[in-house]
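See below for the structure under consideration.
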Amino acid sequence: MPKRVLITGAAGFIGSHLCDRFLSEGFTVIGMDNLSTGSLENIEHLFGNPRFQFHHYDVTNFIHVPGELHYVLHFASPASPADYLRMPIQTLKVGALGTHKCLGLARAKGATILVASTSEVYGDPLEHPQKESYWGNVNPIGVRGVYDEAKRFMEAMTMAYHRTHGLSVRIVRIFNTYGPRMRLQDGRALPNFITQALTNQPLTVYGDGSQTRSFCYIDDLVEGIFRLLVHTDYPFPVNLGNPEEITILDMAREVLRLIPESQSEIVFKPLPEDDPKVRRPDITLARELLGWEPRVTSLEGLPKTIAYFRQKLVQHSA
Ligand code: UDP
């Protein structure tokens with residue numbers, strides 16, 4: 001019998017790619033999503049697959065899954081700052097109550113759980129690059145705090161289940177990730193810049209654009225998550241991301257360079273509150289533990305992502 005995995009946030013950007021990967025590895029996949037930020041378009045290609053089921057469900061409520069479960073992956077959450085500013089309470093609930101429900105389910109089933117944490121646990125970091133041992137610099141009552149603190153609670157609760165009940169757990173701290181299936185109107189920097197460039201709108205750089213991020217292609221992230229979950233039993237947080245750091249202004253310029261027909265210019269907008277000034281993962285641990293590092297360069301990943309956005313824009317305007 002195939003092993004069975006529950007993926008929450010299955011209709012989201014990362015969740016849907018995880019569904020693809022686990023199905024291709026021979027698993028039965030049960031996907032859940034309340035579709036608050038996810039889209040059925042991301043998983044519609046899976047609906048004919050007999051090893052795939054989808055439940056339109058809010059995982060902040062009690063989760064009932066009949067039969068065996070080997071793995072639970074908790075990926076449900078708004079993840080774009082634009083979304084969690086719009087849905088602060090839902091964001092806190094899915095990181096806190098949703099995590100609790102997933103942990104309880106994993107415990108009841110004797111399953112291993114992997115929870116999706118984030119580089120946001122480091123807040124506006126005072127240590128650079130960020131190692132897993134860094135405790136972070138988070139404003140608990142700031143507007144971003146709803147996401148950061150929900151994810152910090154997620155980590156605390158996951159470790160408590162590990163220590164108290166001996167639950168088999170994995171915690172991945174995901175740094176900025178990009179690729180096909182990000183939404184046209186996602187609100188994050190790269191999808192904004194690509195949509196803006198393709199529609200000849202100004203590229204909106206917040207602040208002076210000197211803040212940095214490090215962008216990891218989705219396939220690399222999924223590979224790291226799969227290895228951490230299936231090939232290790234390491235219960236503590238592991239950073240996954242691309243250590244190549246770039247300023248946001250340079251990223252906007254790079255998008256324009258790759259879309260030469262664009263008429264767009266770059267405009268500067270106010271910097272959002274508590275926006276981290278720098279971000280770059282130290283991936284020494286992932287290298288040692290998983291033999292993992294990103295393989296897809298931006299030279300390869302950005303054109304693939306742009307091609308996806310082009311195709312979606314054509315579909316949406318048809
Ligand atoms: N950003 C920007 N223009 C946009 C969207 C975002 O300059 O249209 C900036 C944002 O202020 C931040 C960086 O790009 O400094 C990355 O933001 P994003 O929303 O992608 O996610 P974050 O890394 O902050 O979670």
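Using only Cα atoms, tell me the angle between helix 248-258 and the longest principal axis of the chain; keep it within 0 to 90° and round to the nearest 10.
It is inclined by approximately 80 degrees.
Where in segment 261-318 are there GluC sites (Glu not before Pro) that are in a DSSP coil and have at most 16 other Cβ atoms within 10 angstrom of their Cβ?
On the way: sites: 261, 265, 273, 288, 300; in loops: 261, 265, 273.
Passing sites in segment 261-318 are 261, 265, 273.
Taking +1 at the Cβ of each Lys and Arg and -1 at the Cβ of each Asp and Glu, which of 260, 67, 299 sits farthest along the dipole of the chain towards its positive end, judged by Cα position relative to the Cα centre?
So the residue we want is 67.
Any lysines with Cα under 28 Å of the residue 93 Cα? List them, leaving off those in the same chain fewer than 8 positions away.
101, 109, 131, 151, 277
Once a ≥ b ≥ c are taken as the square roots of the eigenvalues of the Cα gyration tensor of the chain, is the result rounded (a/c under 1.5), prolate (a/b larger than b/c) or oblate (a/b not larger than b/c)?
Numbers: a/c = 1.67, a/b = 1.34, b/c = 1.25.
Here the chain falls in the prolate category.
Tell me, how many Å apart are the Cα centres for segment 1-36 and for segment 179-255?
Result: 21 Å between the Cα centres.
Just how far, in whole angstrom, is segment 63-133 from segment 280-300 if you go by their alpha carbon centroids?
Segment 280-300 and segment 63-133 have Cα centres separated by 22 Å.
Order the peptides 76-86, 192-202 from the highest to the lowest mean number of other Cβ atoms within 10 Å of their residues.
76-86, 192-202
Please list, or write none, the lysines whose alpha carbon is within less than 28 Å of the alpha carbon of residue 312, excluding same-chain residues fewer than 8 places away.
269, 304
Kindly state, to the nearest 0.05, the FRET efficiency for residue 128 paired with residue 210, given R0 = 22 Å and r defined as their beta-carbon distance. Intermediate values should be presented prior to the final figure.
Details: r = 14 Å, r/R0 = 0.63.
That pair, residue 128 with residue 210, gives E of 0.95.
None of the figures in this text is laboratory data; all of them are computed from the coordinates on show. Quick caveat, the model's predicted, so the values are computed rather than measured. Positions of Cβ are backbone-derived with ideal geometry, glycine not excepted, and every protein chain shown enters the neighbour counts.
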